[in-house]
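Novice: Below: one structure in structure tokens.
Readers should treat all values here as calculations from the given coordinates under stated rules, not as data from a laboratory. Bear in mind the structure is a predicted one, so any value in this text is a computation, not a measurement. Counting neighbours? That spans all protein chains shown, and the Cβs are built from the backbone with ideal geometry, glycine included.
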2 protein chains.
Amino acid sequence: MSTHKLRTVSVVEAVAEQLSEDIFNGIYRPGDVLTETQLSERFDVPRQTIRSAIVMLLHDGILRRERNKSVYVPLFSEDDIRDLFAVRRLVEMETARILCSRGILPEGAENAVRSMERLSDENSCDELLKYDYQFHQALIEATGSTRLQKFYRSISSEMRLALTYFRSGDFSPSQMAREHREFLDAIRSGDSSAAVKACQIHIEESETFVNQTIHAQRERMNPGRMAASMPDEADL
Amino acid sequence: MSTHKLRTVSVVEAVAEQLSEDIFNGIYRPGDVLTETQLSERFDVPRQTIRSAIVMLLHDGILRRERNKSVYVPLFSEDDIRDLFAVRRLVEMETARILCSRGILPEGAENAVRSMERLSDENSCDELLKYDYQFHQALIEATGSTRLQKFYRSISSEMRLALTYFRSGDFSPSQMAREHREFLDAIRSGDSSAAVKACQIHIEESETFVNQTIHAQRERMNPGRMAASMPDEADL
DNA sequence: ATGGTCATACTGTTATACAATAAAACCAAG
DNA sequence: CTTGGTTTTATTGTATAACAGTATGACCAT
């Protein structure tokens, strides 16, 4: 008998999953307020179930609330983005270091890069992001550190939400594939400092890309003015 | 009018707090199983409230469960301890780097060290640990990184639980104070790499101390045998 | 305008019940 | 005595309903 741990999803998990999908897909947008009764009716589950699901998303950082207030979809400030990328860089650089020093080259990451390389430049952005997630996920898991994984999970949701709103459609699959391939090669090389450096570069490229998008959006909405404090959290 | 954000505690928070205190104080010991009805009766609050409180402690890592099973107090394996210290080192070294580069010297940390220095060597271990926590907490908070703080919070509970079971009583307040003082001085110096190094040393000293305690305990229970896989999770 | 009261909608909490699951006890053959 | 299946029981997961506490905005009086 092969002990294949099979997965079941509880009701709250299902609700939480659907809800986060809705948030990532823009059904609910930053600033939107979600009341428990409303959600309870929508999913036709008791309010307590909704509450449990909400708690999960609160931990994932894709919902927020203050006491006795309804939850809302967060709008990330520039500080949030900075913070997010800073800790992500920290975690991923450590991951690179660990994998390198142990000579681990996770299969899942290799597969993810291959999938990227197969994508033509006209493919959907969503699919590309999926492989990107798969890539980094595989690296983290390969470290075997439960705490690192837990932490990464808690920021990756925020990361995804941030990307949802701060990305222009013009991702280039070929460039993306190349970057990840280089990163993976650096790990394979066994040169720890080179791998860490490659990781740092990879993440910083991703960050500048997001920043460019942010400024472009800002420019579109506020032509003329530079570096004003615009979307931030003026409307919460 | 000074906007002093005042704190209220909800029922579930109160339960969660009491419960974690009980765990830290050894009322509930590693391996102990807690059923919801039992807790519900004990605190005289409905089961739903207990469930919510449990979720909080699950996230803090001081309770665990599998689906449809009762929660239990985790017993940390050697791998857990290793992992815990590894990520803690990662976070605290990054903290040191940040504070140093920004020239921040948190007041709370200074106060905590002073408190340690006031303790005579006969003082209670609990109090010492409290200041230790206060010290590191102050450092993390001063970084201003919400994510780093969240991460630290999620491991500090586990850390405390681990210390609860893997510490001999012979902490030396004077040594403890000295170590922290050195660490703080390193940050004050502004030399980033020196501060990071000091941090690393401080944490590794703490880790070796715990490891010694573990081995001592093991030796007591298993005289003769070396490095056997003993307490680990044989009894869950 | 200012300040106070009230109405309303929502969250936080409690109570109760039932369905689904897991573990133990039990029983029945082989 | 062991294997395999059945029943029992304790416990979690889910559902329904109600009420109390809080935040918010409308309304009113000054």
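Novice: Would you point out which residue out of A:SER157, A:SER145 is surrounded by 13 or more Cβ atoms within 10 Å (Cβ to Cβ), in contact with a Ser or Thr (Cβ under 8 Å, 6 or more places away or on another chain) and within 14 Å of another protein chain (Cβ to nearest Cβ)? Write out each step before concluding.
Specialist: Values: A:SER145 fails: in contact with a Ser or Thr (Cβ under 8 Å, 6 or more places away or on another chain).
The unique qualifying residue is A:SER157.
Novice: Next question, about the same structure. Of B:SER124, B:SER115, which residue is closer than 17 Å to B:ARG178 by Cβ and either of a type in the set (Asp, Glu) or out of contact with any strand residue (DSSP E or B) (no Cβ under 7 Å at 6 or more places or on another chain) (or both)? It would help to see each step written out before you state the result.
Specialist: Details: B:SER124 fails: closer than 17 Å to B:ARG178 by Cβ.
Going through B:SER124, B:SER115 in turn, just one is closer than 17 Å to B:ARG178 by Cβ and either of a type in the set (Asp, Glu) or out of contact with any strand residue (DSSP E or B) (no Cβ under 7 Å at 6 or more places or on another chain) (or both): B:SER115.
Novice: Now, a different point. Only one of (1) within 28 Å of A:ASP79 (Cα to Cα); (2) touching a residue at least 40 places away in the same chain (Cβ under 8 Å) fails for A:LYS130. Which number is that?
Specialist: (2)
Novice: A follow-up question, please. Cβ contacts < 8 Å: first residue within 17 Å of A:GLU205 (Cα to Cα), restricted to the range A:183-195; second residue of a type in the set (Asp, Glu), any location; separation 6+ or different chain. Result?
Specialist: That search, which allows pairs on different chains as well, returns A:LEU184/A:GLU110.
Novice: Give all pairs with beta carbons closer than 6 Å in which a residue from the range A:100-125 that is touching a residue at least 60 places away in the same chain (Cβ under 8 Å) meets a residue that is in a helix (DSSP H, G or I) and among the hydroxyl-bearing types (Ser, Thr, Tyr); count only pairs at least 6 apart in sequence or on separate chains.
Specialist: The qualifying pairs are A:CYS100/A:SER192; A:SER101/A:SER192; A:ALA112/A:TYR131; A:MET116/A:TYR131.
Novice: Still on this structure, please answer the following. Out of everything in the range B:1-31 that is in a loop (DSSP other than H, G, I, E, B) and surrounded by 13 or more Cβ atoms within 10 Å (Cβ to Cβ), what residue ends up being nearest to DNA strand C (Cβ to nearest atom)? Before the answer, list the steps.
Specialist: Filtering the range B:1-31 down to residues in a loop (DSSP other than H, G, I, E, B) leaves B:1-10, B:25-31.
In the following step, the residues that additionally are surrounded by 13 or more Cβ atoms within 10 Å (Cβ to Cβ) were identified as B:10, B:28, B:30-31.
Numbers: B:SER10: 3, B:TYR28: 19, B:PRO30: 18, B:GLY31: 14 Å.
By that ranking, first place goes to B:SER10.
Novice: Also: Can you pull out the residues in the range A:51-94 that are touching a Phe, Trp or Tyr at 6+ places or on another chain (Cβ under 9 Å), in a loop (DSSP other than H, G, I, E, B) and not hydrophobic (A, V, I, L, M, F, W, C)?
Specialist: A:ARG65
Novice: Can I ask one more? Tally the residues that are in a helix (DSSP H, G or I) and closer than 19 Å to A:GLN212 by Cβ, restricting the search to the range A:145-173. Reasoning before the result, please.
Specialist: Our first condition is that a residue be in a helix (DSSP H, G or I); within the range A:145-173, this holds for A:146-165, A:173.
With closer than 19 Å to A:GLN212 by Cβ added as a condition, the list becomes A:159-165, A:173.
Selection size over the range A:145-173: 8.
Novice: Turning to a different aspect of this structure: Which numbered condition trips up A:VAL71, out of (1) surrounded by 18 or more Cβ atoms within 10 Å (Cβ to Cβ); (2) under 28 Å from A:LEU34 (Cβ atoms); (3) away from DNA strand D (no atom under 16 Å from the Cβ)?
Specialist: Among (1) surrounded by 18 or more Cβ atoms within 10 Å (Cβ to Cβ); (2) under 28 Å from A:LEU34 (Cβ atoms); (3) away from DNA strand D (no atom under 16 Å from the Cβ), the lone unmet condition for A:VAL71 is (3).
Novice: Restricting attention to the range A:38-57, and to residues there that are within 10 Å of DNA strand C (Cβ to nearest atom) and in contact (Cβ under 8 Å) with a residue 12 or more places away in the chain, which single residue is surrounded by the most Cβ atoms within 10 Å (Cβ to Cβ)?
Specialist: Taking the candidates together, the pick is A:ILE50.
Novice: Right, another one. Output the residue which, of all residues in the range B:24-48 that are within 11 Å of DNA strand D (Cβ to nearest atom) and of a type in the set (S, T, N, Q), is nearest to B:VAL210 (Cα to Cα).
Specialist: Out of the qualifying residues, it is B:THR35.
Novice: Something else now. Could you list, in sequence order, the residues of the range A:59-99 that are of a type in the set (A, V, I, L, M, F, W, C), out of contact with any helix residue (DSSP H, G or I) (no Cβ under 7 Å at 6 or more places or on another chain) and within 10 Å of chain B (Cβ to nearest Cβ)? First the steps, then the outcome.
Specialist: From the range A:59-99, those of a type in the set (A, V, I, L, M, F, W, C) are A:62-63, A:71, A:73, A:75-76, A:81, A:84-87, A:90-91, A:93, A:96, A:98-99; that's our starting set.
Pick out the ones that are also out of contact with any helix residue (DSSP H, G or I) (no Cβ under 7 Å at 6 or more places or on another chain) and you get A:75, A:86.
A:ALA86, the sole residue that qualifies.
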